[in-house]
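Structure first, then comments.
The values are calculated or read from the model by the stated rules, or taken from the named source; none is laboratory data. Here the structure is a predicted model, which is why all the values come from computation and not from measurement. Ideal geometry is used to build each Cβ from the backbone, glycine not excepted, and the neighbour counts take in all protein chains shown. Just so you know, the surface numbers come from the protein's heavy atoms only, side chains and all, with ligands and any DNA or RNA stripped out. Shrake-Rupley method; radii C 1.70, N 1.55, O 1.52, S 1.80 Å.
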Amino acid sequence: APTTTTVTGAAASTQYGPVQVKITVTNGSITSASAIVYPENDPRDQQINGFAIPALNQEASQAGNAHINTISGATYTSAGYIASLQSALDQATS
């Protein structure tokens, strides 16, 4: 039977605020990922993360691991997302 677990990674600090990712892992592979905390302090954050967060969520789900590309124009969010994603994956697979 498949083993499925859902874990939340550690919040990763970025220049613009924390990014925290929650993932569902089935048999060691990410099947869904969603950022539950990310910078939304001002219109610029909202604009950037409005496109970056869905793209990162989709990329993590498709890749099944933390080896995903950063999103152009959202370098800090991407780095925080990947750090929290790796943290969650480490918890899920330990």
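Just to be sure I understand: if I project the alpha-carbon convex hull of the chain onto a plane and average over all orientations, what area do I get in nm²? Before the final figure, lay out the partial values.
Values: hull surface 21.0 nm².
Result: 5.2 nm².
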Discussion item. With a 1.4 Å probe and all protein chains left in place, how much of the accessible area of region 19-94 comes from carbon and sulfur atoms, in whole percent?
Written reply: 47
Worksheet item: How many nm is it between the label spots at Asp42 and Thr3, if each spot is 7 Å from the Cα in line with the beta carbon?
Response: 4.6
Worksheet entry | Most mobile of Ser29, Ser72, Ser13 in a GNM of the chain (Cα contacts under 10 Å) | Ser72
Practice prompt. Report the paramagnetic label zone for His67: residues of region 1-31 whose backbone N is under 17 Å from a point 7 Å from Cα along the Cα-to-Cβ axis.
Written response: 28-31
Practice prompt. Sort 1-7, 22-28 for me by packing, meaning the mean count of neighbouring Cβ atoms within 10 Å per residue, highest on top.
Written response: 22-28, 1-7
